[in-house]
1. Quick one: if you take sqrt(5λ) for each eigenvalue of the C-alpha gyration tensor of region 272-365, what semi-axes come out, biggest first, whole angstrom?
2. How are the alpha carbon pair distances in region 286-420 distributed across 10 Å bins from zero to the largest one, expressed in percent?
3. At 0.36 nm per residue, and after removing the present C-alpha to C-alpha distance, how many nm does the segment from residue 321 to residue 87 gain when stretched out fully?
4. Alpha carbon centre of region 424-454 versus region 231-303: separation in Å?
5. Send over the semi-axes of region 128-182's equivalent ellipsoid, whole angstrom and largest first, taken as the square roots of 5 times the C-alpha gyration tensor eigenvalues.
6. How many percent of DSSP beta bridges within region 2-496 run antiparallel, rounded to 5?
7. Could you state the number of Å between the C-alpha centres of region 143-219 and region 43-79?
8. Over the C-alpha atoms of region 2-496, what are the Rg and the largest Cα-to-Cα span, Dmax, in Å?
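What follows draws every value from the coordinates through simple rules; no lab data is involved. Given the structure is predicted, the values throughout are model-derived calculations rather than measurements. Don't worry about glycine lacking a Cβ; one is built from the backbone with ideal geometry, like all the others, and counts go over all protein chains shown.
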């Protein structure tokens with residue numbers, strides 16, 4: 001089953017999308033709003049939905065006529081969509097980082113970007129300037145009384161969860177050292193050990209890399225307090241954006257990646273552009289026992305992993321002393337070279353993300369890998385109550401076509417038990433971002449009961465729409481126009497009232 005949100009033009013039968021439509025989403029967010037109501041254009045907002053959908057992503061992509069080299073170098077902009085009694089209101093703010101304030105004042109890029117953005121002045125001005133600009137643009141989560149804007153190469157920024165005013169860099173009550181790396185992709189344990197926890201990590205990379213695994217309380221008066229903390233070192237350069245959890249394990253996939261810092265030091269490339277896949281390398285699963293599980297205190301295990309590159313994992317679970325982890329694999333590390341224009345990339349030249357499942361036997365150091373779907377996908381998720389447990393259903397953003405790479409234009413629900421899928425499409429002129437699952441009161445026992453909310457770039461009106469879908473059949477419950485244009489973005493989260 002497939003439904004379409006934007007009426008297809010019969011003259012575009014052959015063209016799934018146009019490059020101009022897709023790239024038109026890359027723009028600066030020009031306004032900051034306070035409780036502005038979204039315009040309902042179709043359907044009705046389910047009154048059972050009560051809470052806030054937070055979303056982070058690059059909101060400043062151009063300064064003084066110069067563009068960032070890669071959208072991931074754009075300054076973080078938080079949007080908060082508050083659902084209350086059948087209405088949705090938006091508040092949005094840029095994260096007032098030290099660097100954002102300096103560059104806003106000068107209207108120039110004063111710092112180099114990790115993904116290749118150069119400050120003015122050419123090679124001489126950029127050489128040996130190894131300062132990292134904390135752009136706080138990757139994820140946003142609520143922990144205790146703070147809203148945290150995350151960027152994995154440094155510490156989080158704390159914001160007021162209601163007004164989105166920036167409080168400043170947070171050390172999480174003394175847990176983090178100044179500038180210490182803190183993952184932009186935490187996982188929320190729904191209560192495998194009686195209480196809800198946020199599980200996260202930081203990485204100190206080099207020829208030998210150290211992973212710091214941390215767990216925080218995420219409920220009640222002690223929300224935000226550190227519950228466990230361990231460090232483990234592994235051979236090789238660890239490029240880790242995401243991980244997965246089960247009740248007993250934290251599962252990382254160390255891609256076979258090399259890092260040559262010389263072009264970065266000489267001002268020729270951004271740090272991320274100095275990464276390269278090692279075709280003859282040996283990727284590994286890094287299995288770290290959680291301190292609340294039955295293997296607490298035991299040393300970590302390493303198990304060989306499939307070739308390829310992984311940014312994101314879907315979910316993991318344990319069964320018969322084996323660990324299953326579902327991940328999105330690329331054939332190679334997708335990057336944008338120094339001479340490339342990110343607004344004109346050729347999708348056919350980039351590897352697509354393919355959803356696969358690996359069954360890991362930690363006792364025999366073996367794995368079996370199978371492909372779950374050949375359709376290009378990203379930003380996959382499960383019902384949050386099933387995080388770390390065997391789940392039947394998942395939701396993800398996909399390309400419109402069934403095989404090959406392309407921009408994300410559809411939302412797919414995948415039933416792993418029946419190996420069936422249904423889709424909701426925004427093609428040919430709409431482009432989706434990360435879907436967020438909003439649980440209903442029945443979601444703990446009925447896995448696919450709830451709603452999926454997603455921001456869509458509507459190139460017909462050069463604006464952003466918010467779409468609410470029924471998570472069971474992906475039928476449209478409501479379509480709303482957002483009063484600001486929001487570029488293609490990254491991660492978000494849902495917080496109940």
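1. Working: eigenvalues 208, 40, 31 Å².
Ellipsoid semi-axes (Å, largest first): 32, 14, 12.
2. Using 10 Å bins, I get a P(r) of 11, 37, 31, 16, 4, 0 for region 286-420.
3. Details: separation 234, 0.36 × 234 = 84.24 nm, distance 4.71 nm.
Stretched out fully, the residue 321 to residue 87 stretch lengthens by 79.5 nm.
4. For region 424-454 versus region 231-303, the Cα centre distance is 30 Å.
5. Numbers: eigenvalues 81, 32, 16 Å².
Semi-axes, largest first: 20, 13, 9 Å.
6. On the way: 133 of 137 bridges.
Of the beta bridges lying entirely in region 2-496, close to 95 percent run antiparallel.
7. 20
8. Rg and Dmax of region 2-496, Cα atoms, are 21.5, 63 Å.
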